[in-house]
Amino acid sequence: MTDTHTQTGDLTAEEAEIYGWQLDVTGFGCSGQQKLKQASVLISRVGGLGSAVAYELAAAGVGRLILAHAGDVQPSDLNRQLLMTHDGIGKPRIESARRRLLELNPRMDIIAVPENLCAENADRLVGLADCVVDAAPLFQERLAMNDAAERRGIPVVEAAMYELEASLTVIHPPHTLRFRDLVPDVPRGWTRRFPVFGAVSGSVGCMAAMETIKLLAGLGQPLKNRLLRIDLRLMQFETIQLTASE
Amino acid sequence: MSQWQVHLEFSGPLQRAMQTSELTVQGSGTCTISTVLAALLHCQPAAAASLGIAPETVASALPPGLLVLQNRVLLPLRPETIVQPGERLTLMPMISGG
């Protein structure tokens, strides 16, 4: 019988086998994988966007995910929230998410928090993480999370979508502008319900996961002071240069 | 007093509210972000108001979360920022769908 837990460098033989194809990525290797294994990532909501982020980070071997999402699975979640299942309707979303992620990666640690980010819990939850991913549908949550992350010097991967458009950037003051430089306060007119295909939230979710991996592993050039704007109706991608307010 | 026109492109919920992806607005005098938004408010009052562009505030403050881009570069978020007549601006409200 093969001992799948024999150490290979800093990774077990099982890990080396599972992650072998990504270990070949230039600039990543065993040291990058070890960084992911040691990392904790907070994801604010595991809905359409956050589900894709969480699934990709679980697949990539991030050691710990802190998932914050309140409420029970609704039928209307199922067009996009890929960690939710039909038989989970009426049950806590966070438990569906935990179960699905552990099916993929039973080696990881998951802290499942049945709460949405708010000013009262943001410092506590952000304090558990090395990096946070903002996939919340309300600006109040985004502002609370960014305020807490800024106080702790933790980078935030800011991902959002609307209809067939999406945006992605990395906020990490003082290396970048602050989220409040872009959104000083809750904008008028944004509503809780927004038009969405799961393929749109999933697309930007995968990109947000890649930005997170880059930040954790020191790989490539994260979207700092740049905003990626995506229009899937026209299949156009453009990068907007951002600078801090004067 | 000099006349000006500015070509506007809309994204996300603004495009949906305007029911068009672009519009040309006109005005006279100094062309700034606030006078452009005031012209937009005049053309499409309900849609502009839905994003927080209001007559009483447009001259003093931009709506929170509205980005104004010129040639893919973010313009300073100040009402008095000068816009060159004939320029093409993109009005991009920040979005929060997850």
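The values are calculated or read from the model by the stated rules, or taken from the named source; none is laboratory data. All values reported here derive from a predicted model rather than from experimental measurement. Here the Cβ positions follow ideal geometry from the backbone for every residue, glycine too, while neighbour counts run over all protein chains shown.
Candidates are the residues of the range B:48-98 that are surrounded by fewer than 22 Cβ atoms within 10 Å (Cβ to Cβ) and assigned to a helix (DSSP H, G or I); the one that is farthest from the other protein chains (Cβ to nearest Cβ) is B:ALA49. Of all residues in the range A:177-187, those being of a type outside the set (A, V, I, L, M), more than 16 Å from A:ALA148 (Cβ to Cβ) and touching a strand residue (DSSP E or B) at 6+ places or on another chain (Cβ under 8 Å) number 1.
Let's see how each residue does on (1) modelled with pLDDT under 95; (2) within 12 Å of another protein chain (Cβ to nearest Cβ); (3) over 16 Å from B:MET94 (Cβ atoms):
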{"position": "A:PRO173", "(1), (2), (3)": "no, no, yes"}
{"position": "A:VAL186", "(1), (2), (3)": "yes, yes, no"}
{"position": "A:GLY189", "(1), (2), (3)": "yes, yes, no"}
{"position": "A:ARG192", "(1), (2), (3)": "yes, yes, no"}
{"position": "A:GLY202", "(1), (2), (3)": "no, yes, yes"}
{"position": "A:ALA208", "(1), (2), (3)": "no, yes, no"}
{"position": "A:GLU211", "(1), (2), (3)": "no, no, yes"}
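Restricting the range A:79-107 to residues that are hydrophobic (A, V, I, L, M, F, W, C) and part of a loop (DSSP other than H, G, I, E, B), the residue that is farthest from A:SER201 (Cα to Cα) is A:MET84.
Listed here are the residues, each with its yes/no results for (1) touching a residue at least 12 places away in the same chain (Cβ under 8 Å); (2) closer than 22 Å to A:PRO92 by Cα.
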{"position": "A:LEU117", "(1), (2)": "yes, yes"}
{"position": "A:ARG124", "(1), (2)": "no, yes"}
{"position": "A:PRO137", "(1), (2)": "yes, yes"}
{"position": "A:ARG151", "(1), (2)": "yes, no"}
{"position": "A:MET161", "(1), (2)": "yes, no"}
{"position": "A:ALA166", "(1), (2)": "yes, no"}
{"position": "A:THR169", "(1), (2)": "yes, no"}
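Scanning the range B:1-24 for residues that are surrounded by fewer than 21 Cβ atoms within 10 Å (Cβ to Cβ) and not in a loop (DSSP other than H, G, I, E, B) returns B:GLN3, B:TRP4, B:GLN5, B:HIS7, B:GLU9, B:ARG16, B:ALA17, B:GLU22, B:LEU23, B:THR24.
Put simply, of A:LEU138, A:LEU117, A:LEU128, A:LEU78 the only residue that is closer than 22 Å to A:VAL196 by Cα, surrounded by fewer than 17 Cβ atoms within 10 Å (Cβ to Cβ) and of a type in the set (A, V, I, L, M, F, W, C) is A:LEU78. Annotation note: Cβ proximity below 8 Å between a residue of the range B:5-16 that is over 15 Å from B:GLN44 (Cβ atoms) and within 7 Å of chain A (Cβ to nearest Cβ) and a residue that is of a type in the set (A, V, I, L, M) and not in a strand (DSSP E or B) (sequence gap 6+ or interchain) occurs for B:GLY12/B:ILE95. If a residue has to be more than 16 Å from the chain's Cα centre (by Cα), within 14 Å of chain B (Cβ to nearest Cβ), part of a helix (DSSP H, G or I) and not hydrophobic (A, V, I, L, M, F, W, C) to count, how many in the range A:108-162 make the cut? Matching residues across the range A:108-162 total 1.
Residues that are in contact (Cβ under 8 Å) with a residue 40 or more places away in the chain and either surrounded by 18 or more Cβ atoms within 10 Å (Cβ to Cβ) or in a loop (DSSP other than H, G, I, E, B) (or both) within the range A:229-246 comprise A:ARG229, A:ILE230, A:LEU232, A:ARG233, A:LEU242, A:THR243, A:ALA244, A:SER245, listed in sequence order. With respect to (1) crowded, with 18+ Cβ neighbours inside 10 Å; (2) in a loop (DSSP other than H, G, I, E, B), the lone exception for A:ILE213 is condition (2). Taking first residues from the range A:16-31 that are touching a residue at least 40 places away in the same chain (Cβ under 8 Å) and partners that are outside any helix (DSSP H, G or I), the Cβ contacts under 7 Å between residues at least 6 apart in sequence or on separate chains come to A:TYR19/A:GLY61; A:GLY27/A:LEU219; A:PHE28/A:LEU219.
Could you please let me know if A:GLN74 is of a type in the set (S, T, N, Q) and either closer than 23 Å to A:LEU219 by Cα or at pLDDT 95 or above (or both)? Spelling it out, A:GLN74 is indeed of a type in the set (S, T, N, Q) and either closer than 23 Å to A:LEU219 by Cα or at pLDDT 95 or above (or both).
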